[in-house]
1. Name the residues in the stretch 95-125 that are in contact with a Gly (Cβ under 8 Å, 6 or more places away or on another chain) and in a helix (DSSP H, G or I), would you?
2. If residue 224 satisfies all but one of (1) in contact (Cβ under 8 Å) with a residue 12 or more places away in the chain; (2) surrounded by fewer than 22 Cβ atoms within 10 Å (Cβ to Cβ), what's the number of the condition it fails?
3. Just to check your reading of the model, which residue among 185, 217 is on the phi > 0 side of the Ramachandran plot and either without any contact (Cβ under 8 Å) to a residue 40 or more places away in the chain or not polar (S, T, N, Q) (or both)?
4. On the basis of being touching a Pro at 6+ places or on another chain (Cβ under 8 Å) and surrounded by fewer than 20 Cβ atoms within 10 Å (Cβ to Cβ), does residue 86 make the cut?
5. Could you run through the stretch 131-153 and say how many residues are in a helix (DSSP H, G or I) and either assigned by TED's automatic domain parsing to the domain that holds residue 73 or over 17 Å from residue 112 (Cα atoms) (or both)?
6. Do we have residue 54 as at pLDDT 95 or above, of a type in the set (A, V, I, L, M, F, W, C), surrounded by fewer than 16 Cβ atoms within 10 Å (Cβ to Cβ) and outside any loop (DSSP other than H, G, I, E, B) here?
Amino acid sequence: MPHVSVTGSFPDFTGHLLNDGRLKLLEHLGSGAYGKVYRALDVCSSPEEPSYFAVKCLLKPEAGSRQEAFQTREFALHKLVSGHPHIVTFHEVFEDHNYLYVRLDLSFGGDLFGAITERKIFHGNDKLIKSIYVQILDAVHYCHERGVFHRDLKPENILCSKDGTTIKLADFGLSTQSRISQDFGCGSSYYMSPECIGKEFRHGRYSTKHSDIWSLGVILINMISGRNPWRYAMTSDDCFASYLYDRDFLRKVLPLSESVNRILKRMFHLNPLCRISIPELREEITRLDTFFMSEEDLAVSSDTVRGVAKNYATLAADPAAVMSPNNVVREATSSRLPVDSEEKYLYASPAEGLQSLHEGPRSTLLNPFTIGSHSRSTKSSVSSSSIESESNGPITPASRPVDLGVEVPDLPEGETVGQAVITFQDVAPAKVAVEHSSHHRAPSATASKPPPRRVGNQLFKRAVKRLKELSESV
C-alpha cells in the first residue's frame, strides 16, 4: 500500500514556544511524510537584527524502536559534521510528550533544485557553477574525512543563500559511517550509482564514498544542463545503456564541453575504485575553462543538444510531468559488514558480481529529459509496497516534485521532511517517451550494429570479465 503521510494529523505549530519560550515558531515553510518545517524567531535576539532559524517538527518515535535508532543516528552524524561553513548547522533538539523539534540554520534562498529549475541562475554562468560546485565538493569531502557518507546527494538536499552565491549541504537522514554498505537502493534513483542500486552488482556490498562521487556527477550535469543523464543507472535504461555503448553519449544529447565530459567519464567509471577522488575532482573543476558546449560545436550538434541548450534558458515547470515515489528507498534491513574499508573488498570492484540483464527491445531515439514541477515517477514502475515519498532537505521552503526524462532525465524532487529511508523493490523503469527523428537516433546509426542496449549489456559483461581477470592476476 502507498505510504500515508503522518503529518496530516499534526497540529498547526504556528505560535508554538520552545526552549522555555526563547524560540517562537512563525510561518509554516513546508511539509512531508515525516514532519513539518517552520521558520522560528529567537525572541531574545535584537529587534533591529532578529535571528531566525528553521525548526523541523517530527513525531516522537516509540522508545527502543527502529525509527528512534535511525533518528538518533541522523542527529548524531549531522551534528558531527555541522561545523563546516557549507553544511547546515545542527543546533539542538527539543522534545515534548509527542514531538521532537530540531533547530537548524535557515536558508532564505530555497534549495539548489529551485535555483536550477526556477531561478535558472546557472545557465551560461561558468563562474557561478564553479563556485557553487566547489562548495558542494568541500562539504562532501569534509563529511568523508570525518567518516560520514551522505548517500542522498541531490539538489533538493543542498540549500542556497538568498543571492544564490552560497550553499549548505542538508538532510543526513540516509547518512552512514559505514564505508562499505549492504543497504542497496539507498537514496534517490536518478542519483544512485549502479552498485548502490544493486540489481546488477551481486557481491553484496558497495563503497559509500565512491557512490557519493557518482551522485556528484549527476548533480554537475543538473547544474550545467537542467537535465539528468538517466533515470536509473541500469542496462535496462535506454540512456544508461547508450552511455555504456558510447562513453561520449552524454555530449551527443547534452550541451557539455569536451573538458567537463572528460571529467564526468571519470566520475561515472563503472569500477567504483577507479573513480576520480574529490580532491582531484576539485582541482579539475577549478582548472576548467568552461562547462558549456561552444557555439561552434552547438552549430554542428544534433537537434537534441541545441534544443536542450535553448530550452534550459526558458525552462518552465510542467505540472503534468509527474514522477512517482519509486525514486526513493525504504530503510534497509541488512546488517553492516564487520570489515569497513574499501581496501577490504574481496574483488577488484563491486562490479565484479554483475548479473547480466535480460536483453529486450529498445527505442531508437533518445531525447533529453525536461525538468517538471513534480518529482514522482509513474506508479506502474514500482510495486505498491515500495511506494514512499522522497526526503526533502530539512529547510526547503516549498515542496516541488519534478519530472526528468530520456529525453535525458531531469531533476527529481522529494516531498517529505525528515527521515526517509527506503528499500528499492524490484523496479522496472518506466518506459521512456520516444520521438522519431532522422537527426538524432541511438548511437547505433547503422543496421549492421546491434542495438545499444544489447551492446551495453555486452560491454558490461566484458568489463566484468576484465575486472575478474585483473583480480585473479593480483
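1. Selection gives 115, 116, 117.
2. Of the numbered conditions (1) in contact (Cβ under 8 Å) with a residue 12 or more places away in the chain; (2) surrounded by fewer than 22 Cβ atoms within 10 Å (Cβ to Cβ), the odd one out for residue 224 is (2).
3. 185
4. So residue 86 fails the test.
5. 5
6. no
Each row is one residue, and each column tells you yes or no for (1) surrounded by fewer than 24 Cβ atoms within 10 Å (Cβ to Cβ); (2) assigned to a helix (DSSP H, G or I); (3) within 14 Å of the chain's Cα centre (by Cα).
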{"position": "174", "(1), (2), (3)": "no, no, yes"}
{"position": "234", "(1), (2), (3)": "yes, no, no"}
{"position": "273", "(1), (2), (3)": "yes, yes, no"}
{"position": "276", "(1), (2), (3)": "yes, no, no"}
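Yes/no matrix, rows are residues, columns are (1) touching a helix residue (DSSP H, G or I) at 6+ places or on another chain (Cβ under 6 Å); (2) among the hydrophobic types (A, V, I, L, M, F, W, C); (3) touching a residue at least 24 places away in the same chain (Cβ under 8 Å); (4) surrounded by fewer than 24 Cβ atoms within 10 Å (Cβ to Cβ):
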{"site": "194", "(1), (2), (3), (4)": "no, no, yes, no"}
{"site": "230", "(1), (2), (3), (4)": "yes, yes, yes, no"}
{"site": "241", "(1), (2), (3), (4)": "yes, yes, yes, no"}
{"site": "246", "(1), (2), (3), (4)": "no, no, yes, yes"}
{"site": "257", "(1), (2), (3), (4)": "no, no, yes, yes"}
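The values are calculated or read from the model by the stated rules, or taken from the named source; none is laboratory data. These figures come from a predicted structure and were not determined experimentally. Backbone-built Cβ (ideal geometry, glycine too); neighbour counts: all protein chains shown.
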